[in-house]
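A.B. asks: Got a structure for you, questions after.
The values are calculated or read from the model by the stated rules, or taken from the named source; none is laboratory data. All values derive from a computational prediction rather than experimental measurement. Ideal geometry is used to build each Cβ from the backbone, glycine not excepted, and the neighbour counts take in all protein chains shown. All accessible areas refer to the heavy atoms of the entire protein, side chains included, with ligands and DNA or RNA removed. Shrake-Rupley method; radii C 1.70, N 1.55, O 1.52, S 1.80 Å.
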Amino acid sequence: MLTTSDSSYEDFLSSYSSVIGEMAAMGLAPSEAMSRFRTIFPDAPIDYLNHAISTGEWIFVGRREQPINNVMMASALWYAVAYTLDLEPDYSYTVVNIDPTIMQDVPRMLEMAQVSPESIALVMSKIGAALDYLSQHPYTMVDEATYDEMLENLPPELAEVDQDAVAWPPSRQVITDRLGNGSWSSALLRIGICPPDIDEIEPSVDPSSISEREFRNVLADFLSYCIRYDRKPAVLLYGTWSTDRDHYGKVPTVSAIRARFGSWHNGLQKGRKLINDAVSMGAGKALPVSSTKDWNTSLSIEELAAEGIGVIESAGTSAEDFSASKRWENLVNVMVSRLEELPWMQTLRIYYLSPEVVEAEEYTPFVSVLRAPSGYLCQLTPADAFENLQLTQDTDYLFAHGWSAPDESRPSWTHNFLNIHEAAHAVINAMHFSYGADQVDYYQSDDPVAAPGADVIHPGTGSIPMIVVPEPTVSIDTES
């Protein structure tokens, strides 16, 4: 047993007492101080630091008035599930399966609020029990009245919380305002609890609705978002991402993913494996030929037909019924739709089938868009790649709008790390303003999942074979 007269301990203090004092002055909690010290001084005896903290010479009380973050608010709601259902604490599930961010933030906050180690373990294990229960019962709900009741009748382990250090569990209003942006239902959706009004809102928490392919593509988009904004793929970040304006009702909810895979952590691992498998397939011959052939190669009309180009036809509304700006807006919207449908690690190619192009049979794609882990990669064919067409290219426009010029390793103009809306606008604007491709009805894209042998319709034959038509609703003809 260590004593303050131990010579080795005295040597330890002579080397590290100033560091220990500064950590205490910073307002670190004991566990945080231990973690930091062990990381930076791995060779120092950690039991000496533990002894130093226990002597009381340095007071590690944690930062006072700790702000409540989203993890802490979510944990309060998960605890409310355990409270409402009177779940027994699940110590084993918690130590093995609980998200690392939760395990890091919540115990530190409780320790700083003067909660005993035994009560911290109890709180965490009830949160773990709730997460396990939610994975098996995704339609579990917590209404506002139930949460308020818990706050009015705090169990003993929560009653230990020093409210001067941290106001936890937070009030319902704080959760609604900060986690749900004014909506209790949104707050619940973001953390994987079923809202009481689930029948009245669009998202589904049904795990059976998630196919592996859909989950792979959704997770690829989410990981692209994380890479683009330098964020970790945590469950609460996915919850926020999945309920934003672009994804609400279109991607699986946290509840559905947790129920499908057992936990967010398991789902993340499974999704990454699916993505890696898709990458491996992409290197072989299993993917459609349209995603693996050299996109800069000119194709004959017969080859285009064999590639399975999708045809989008008008329902009869005349193009004259739409203003020019509306038609370009519609083109961008359809482009967004096509990019949403594009399987991960496959390529969408855009053609401009003007009469000159058809006459010259120069069926080289103007643009190629790859759906990649880091976002959408756009590649624009240089003007000199079109052998039979007299094209000019406004390179000043391309440079001004973020495109990178071709070089020895890259034969195309490129624009990378784009989200779906950025990619759609970049592609259309580059073709329109750099190439002068100003006829909306001449734009056409291929369809990577269309059946081989799909018809290719030329301008002037009675159908509009472009990816845009002059009415908001379009259909894709994939009949062979």
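A.B. asks: Which condition from (1) on the phi > 0 side of the Ramachandran plot; (2) not in a loop (DSSP other than H, G, I, E, B) is the one that Leu348 breaks?
C.D. replies: It is condition (1) that Leu348 fails.
A.B. asks: On to the next question. Hey, among the residues in the range 325-344 that are crowded, with 21+ Cβ neighbours inside 10 Å and assigned to a loop (DSSP other than H, G, I, E, B), which one's nearest to the chain's Cα centre (by Cα)?
C.D. replies: The qualifying residue nearest to the chain's Cα centre (by Cα) is Trp344.
A.B. asks: Evaluate the following for Pro89: is it open to solvent by less than 50 Å² (accessible area, probe 1.4 Å) and modelled with pLDDT of 90 or more? Working first, answer last.
C.D. replies: On the way: open to solvent by less than 50 Å² (accessible area, probe 1.4 Å): yes; modelled with pLDDT of 90 or more: yes.
So Pro89 passes the test.
A.B. asks: Moving on to the next point. Somewhere in the range 146-155, is a residue in contact with a Pro (Cβ under 9 Å, 6 or more places away or on another chain), closer than 17 Å to Met73 by Cβ, open to solvent by 20 Å² or more (accessible area, probe 1.4 Å) and assigned by the TED database to the domain that holds Ala80?
C.D. replies: First, pick out the residues of the range 146-155 that are in contact with a Pro (Cβ under 9 Å, 6 or more places away or on another chain): 147, 150-151, 154.
Remaining after also requiring closer than 17 Å to Met73 by Cβ: 147, 150-151, 154.
From the residues that got through so far, the ones that are open to solvent by 20 Å² or more (accessible area, probe 1.4 Å) too are 151, 154.
Pick out the ones that are also assigned by the TED database to the domain that holds Ala80 and you get 151, 154.
Yes.
A.B. asks: Among the residues of the range 158-179, what is the count of those that are within 13 Å of Asn69 (Cα to Cα), in a loop (DSSP other than H, G, I, E, B) and modelled with pLDDT under 90?
C.D. replies: 2
A.B. asks: Here are some residues: Ser186, Ser208. Which one is open to solvent by 30 Å² or more (accessible area, probe 1.4 Å), within 16 Å of Tyr147 (Cα to Cα), of a type in the set (Gly, Ala, Ser) and outside any loop (DSSP other than H, G, I, E, B)?
C.D. replies: On the way: Ser208 fails: within 16 Å of Tyr147 (Cα to Cα).
Residue meeting the stated conditions: Ser186.
A.B. asks: May I ask you to list the residues in the range 169-199 that are farther than 30 Å from Phe261 by Cα and in contact (Cβ under 8 Å) with a residue 12 or more places away in the chain?
C.D. replies: Ser171, Val174
A.B. asks: Among the listed residues Gln390, Gln379, identify the single one that is over 26 Å from Asp221 (Cα atoms) and either open to solvent by 60 Å² or more (accessible area, probe 1.4 Å) or in a strand (DSSP E or B) (or both).
C.D. replies: On the way: Gln379 fails: over 26 Å from Asp221 (Cα atoms).
The match here is Gln390.
A.B. asks: Is it the case, given these coordinates, that Tyr93 is among the aromatic types (Phe, Trp, Tyr), within 18 Å of Ile191 (Cβ to Cβ) and touching an Asp or Glu at 6+ places or on another chain (Cβ under 7 Å)?
C.D. replies: Working: among the aromatic types (Phe, Trp, Tyr): yes; within 18 Å of Ile191 (Cβ to Cβ): yes; touching an Asp or Glu at 6+ places or on another chain (Cβ under 7 Å): yes.
The answer is yes for Tyr93.
A.B. asks: Next up: Would it be correct to say that Ala220 is in contact (Cβ under 8 Å) with a residue 40 or more places away in the chain, over 19 Å from Leu339 (Cβ atoms) and open to solvent by less than 60 Å² (accessible area, probe 1.4 Å)? Reasoning before the result, please.
C.D. replies: Working: in contact (Cβ under 8 Å) with a residue 40 or more places away in the chain: yes; over 19 Å from Leu339 (Cβ atoms): no; open to solvent by less than 60 Å² (accessible area, probe 1.4 Å): yes.
Here the answer is no, as Ala220 does not meet what is asked.
The rows are residues; the columns are (1) at pLDDT below 85; (2) touching a Leu at 6+ places or on another chain (Cβ under 8 Å); (3) closer than 30 Å to Phe215 by Cα.
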site: Phe322; (1), (2), (3): yes, no, no
site: Pro343; (1), (2), (3): yes, no, yes
site: Leu348; (1), (2), (3): no, yes, yes
site: Ala360; (1), (2), (3): yes, yes, no
site: Glu387; (1), (2), (3): yes, no, no
site: Thr392; (1), (2), (3): yes, no, no
site: Asp396; (1), (2), (3): no, no, no
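A.B. asks: Assigned by the TED database to the domain that holds Gly180, open to solvent by 50 Å² or more (accessible area, probe 1.4 Å) and at positive phi: is that true of Gln104 in this structure? I'd like the intermediate steps shown before the answer.
C.D. replies: Values: assigned by the TED database to the domain that holds Gly180: yes; open to solvent by 50 Å² or more (accessible area, probe 1.4 Å): yes; at positive phi: no.
In short, no.
A.B. asks: Now, a different point. Can you give me the number of residues within the range 353-376 that are open to solvent by less than 20 Å² (accessible area, probe 1.4 Å) and either outside the structural domain of His432 (by the TED database) or closer than 30 Å to Arg231 by Cβ (or both)? Before the answer, list the steps.
C.D. replies: Within the range 353-376, the first condition is being open to solvent by less than 20 Å² (accessible area, probe 1.4 Å), and the residues that meet it are 353-354, 357, 362-369, 371-372, 375-376.
Filter once more, keeping what is either outside the structural domain of His432 (by the TED database) or closer than 30 Å to Arg231 by Cβ (or both): 367-369, 371-372, 375-376.
Result for the range 353-376: 7.
A.B. asks: Taking only the range 393-415 into account, find how many residues are open to solvent by 70 Å² or more (accessible area, probe 1.4 Å) and either touching a Pro at 6+ places or on another chain (Cβ under 8 Å) or in contact (Cβ under 8 Å) with a residue 12 or more places away in the chain (or both).
C.D. replies: Selection size over the range 393-415: 2.
A.B. asks: Could I ask something else about it? Among (1) assigned to a loop (DSSP other than H, G, I, E, B); (2) loosely packed, with under 15 Cβ neighbours inside 10 Å, where does Tyr248 come up short?
C.D. replies: Going through the list (1) assigned to a loop (DSSP other than H, G, I, E, B); (2) loosely packed, with under 15 Cβ neighbours inside 10 Å, Tyr248 breaks only (2).
A.B. asks: What are the residues in the range 109-123 that are exposed (fewer than 14 other Cβ atoms within 10 Å of the Cβ) and either of a type in the set (D, E, K, R) or at pLDDT 95 or above (or both), if any?
C.D. replies: Restricting attention to the range 109-123, the residues satisfying the condition of being exposed (fewer than 14 other Cβ atoms within 10 Å of the Cβ) are 116-118.
Answer for the range 109-123, where residues must be exposed (fewer than 14 other Cβ atoms within 10 Å of the Cβ) and either of a type in the set (D, E, K, R) or at pLDDT 95 or above (or both): just Glu118.
A.B. asks: Now a separate question. Consider the range 92-101. How many of its residues are modelled with pLDDT of 90 or more and either buried (at least 20 other Cβ atoms within 10 Å of the Cβ) or over 30 Å from the mean Cα position of the chain (by Cα) (or both)?
C.D. replies: Going through the range 92-101, the residues modelled with pLDDT of 90 or more turn out to be 92-95.
Add one more test, that the residue is either buried (at least 20 other Cβ atoms within 10 Å of the Cβ) or over 30 Å from the mean Cα position of the chain (by Cα) (or both), and what stays is 94.
Qualifying residue count, the range 92-101: 1.
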